[in-house]
Every structure is written in structure tokens, then in C-alpha cells.
Amino acid sequence: MSNKIFTAVICILCVFVLSGCATSNSVKIASFEAQISTIIDSIEEINENMNAIDPDSDSAGTQMLKYMKELSSAIDNLAAIEVPSGEYQYVNDLAVEAQEYISEAITLYSQILSSGAEYAPDIADEAWQYYQKACRRISVIVSLLHGNTPSDVEISYG
């Protein structure tokens, strides 16, 4: 009889522990998704601002650099989010890659702006390519979070 009571108590404890873990993980996932949503909204706003820049404006270059720095900050926040274990690990990996690419783009754009009146198309093209790579990583993150796997990427789920 005492063995049956002991077994029942152990089973009940296991149920409480396991349900507590599931709840904890659910809370972590909900928090993660809320943080991601806020950051993605911020990135979309930055993108809209970048697209609104008048390319013929004298301040177009400095405006672009300003928004790229804002984008870099948003990507930094994305990379810093605590990712729940499991299927979301790709978010951190892709965000870190995007962070590296946007940093390189900013460095190159800054180099162009600091060179004065002399425009360097090769540097501008390289900066644009890094910017595009960063944006592609963000695009893949958004697609994956919406349950779509882009056909042209290979993803590891941790």
C-alpha cells in the first residue's frame, strides 16, 4: 500500500513539474514572439523611411546612413533576444549574420560620405550588396516566423 502511495505521489509531482516546464516555455515563446513583432515593426518603419528618401536631395547620403544605423540598432536588438530552445534558433543565427552585413555596409557608406565630393561606385556597390544581404536575412526570419520556408535557403533548427 505504501508503495502505491509513493508511486502516486511521484506521478503527481512529475505532472506538476512537467506542466510547469511547459508553461514556462509557453511564456518564453510568447515573450519572444512579442519582442520579435516589435522589432520587425520597427524595421518595417525604418525601411519605409529609407524608401522615402529623395535620391536627388543633397542630404540623401546622410539620411541613408542615419537610417542604416537605426536598422543596425534594430538588428542588434533582434540578435540580443533570448531565443527559446528548439525551433527558433535560426532567428539568432540569421540576426547575427544580418548584424555583420549591416555593419560592413555602414562602414562602406561612411567611407563614401567621408571621402567628400568624390563618388566611389565600386565601394557604393559593395556597400549595397552588404545591405541587401542583411535585408535578405531579415526577410528570411520574417518568412520563417510566418511558417513559410523560402526555397532558396537552408535552415538549421538548432
### Query
Share of the stretch 74-155's accessible area from carbon and sulfur, percent, 1.4 Å?
45
### Message
Given contacts defined as C-alpha pairs under 8 Å and at least six residues apart, what's the relative contact order of the stretch 35-158, whole-number percent?
### Response
25
### Query
Applying the Karplus parametrisation 6.51 cos²θ - 1.76 cosθ + 1.60 with θ = phi - 60° to the phi angles of the stretch 73-79, what ³J(HN,Hα) value in whole Hz is obtained for each residue in order, glycine and proline being reported as x?
5, 5, 5, 4, 5, 4, 5
### Query
What's the extension gain from HIS146 to GLU82 if we count 0.36 nm per residue and subtract their Cα-Cα distance?
21.1 nm
### Query
Given a Förster radius of 30 Å and the C-beta distance between ALA120 and SER57 as r, what FRET efficiency does 1/(1 + (r/R0)^6) yield to the nearest 0.05?
0.95
#### Entry: Cα→Cβ-extended label distance, 7 Å offset, between GLN35 and GLU48, nm
2.5
### Task
Keeping every protein chain in place, order VAL27, VAL83 by accessible area at 1.4 Å, biggest value first, i.e. largest first.
VAL27, VAL83
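The values are calculated or read from the model by the stated rules, or taken from the named source; none is laboratory data. The structure displayed is predicted, hence computed values, not measured ones. Note that we place each Cβ from the backbone using ideal geometry, even for glycine, and neighbour counts take in every protein chain shown. Note: accessible area is taken over every heavy atom of the protein model, side chains too, but ligands, DNA and RNA are not part of it. Shrake-Rupley method; radii C 1.70, N 1.55, O 1.52, S 1.80 Å.
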